[in-house]
Amino acid sequence: MDPRKIFLIELHEIIKNSSEEIRNHIVSPSEDNIVWDEFKLSEEEVAALKKYKFDDVALSAIEKTVRDTILVAFHDAFSLLDAVRDPEVVELDDTWLGLTLSEPNEEEENEGFLHDEVYDAYWDWSEQRNKDDD
């Protein structure tokens, strides 16, 4: 099967699993449920979630909403990759030409991994978003 097709199929599985994970966070909220410290829930936020008794219909609606939102987020990200959308946070001096994803070759083995860089980029994003506030 084409690697791009495999990637996109797996992406839908990741989206589904992520929406189910959100269901778990809502049903059993905890400060420890969040992987990255930047998004840890406060005691007040955990207590607020615990007040609600979500039934299966409400949880299903939340899952569907989350899945749709994540799918749209990936669509927007891929539009940026495909250069049919321009960057909105970073000001460019030139025309945005997009990026390509390709199968790795030996020369690319030492390049950084996107799954690692996405966390570091959070701080760059935060800085770009807040530079006008200074």
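Every read-out reported here was derived from the displayed coordinates using simple, explicitly stated rules and does not represent laboratory data. All of these numbers come straight from a predicted model, not from anything done at the bench. Virtual Cβ from ideal backbone geometry, glycine too; neighbours counted across all protein chains shown.
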For the chain, give the magnitude of the charge dipole about the Cα centre (Cβ charges: +1 Lys/Arg, -1 Asp/Glu; no others), in debye to the nearest 20.
1180 debye
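Would you order H25, H75, H115 from fewest to most other beta-carbon atoms within 10 Å of each residue's own beta-carbon?
Values: H25 15, H75 11, H115 7.
Ranked by crowding around the Cβ, least crowded first: H115, H75, H25.
Net charge near R23: determine it from the other residues with C-beta under 10 Å of the C-beta of R23, scoring Lys and Arg +1 and Asp and Glu -1. Kindly include the intermediate steps, with their values, before the conclusion.
Numbers: positive: none; negative: E20, E21, D56, E63.
Here the count lands on -4.
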With each label point set 7 Å from Cα along the Cα-Cβ vector, what nm distance links D120 and D37?
1.8 nm
GNM, the chain, Cα, under 10 Å: largest mean-square fluctuation among I14, I22, I34?
I34
Nearest-ten-degree value, helix 56-81 long axis tilted from longest Cα axis of the chain
10 degrees
Tell me which of S79, A58, Q128 sits at the most positive position along the dipole axis of segment 38-134, charges placed on C-beta atoms (Lys, Arg +1; Asp, Glu -1).
A58
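Rounded to the nearest 0.05, what FRET efficiency is calculated for S28 and E88 with R0 set to 35 Å and r the Cβ-Cβ distance? Show your work: numbers first, answer last.
On the way: r = 36 Å, r/R0 = 1.02.
Computed FRET efficiency for S28 and E88 comes out at 0.50.
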Given N residues in the chain, what is its alpha carbon radius of gyration divided by 2.2 N^0.38 Å?
1.31
Most mobile of S28, S102, S60 in a GNM of the chain (Cα contacts under 10 Å)
S102
Of R85, R23, R67, which is the most mobile in a GNM of the chain whose springs link Cα atoms less than 10 angstrom apart?
R85
If each residue's Cβ is checked for other Cβ atoms within 10 Å, how do K53, K16 rank with the fewest at the top?
K53, K16
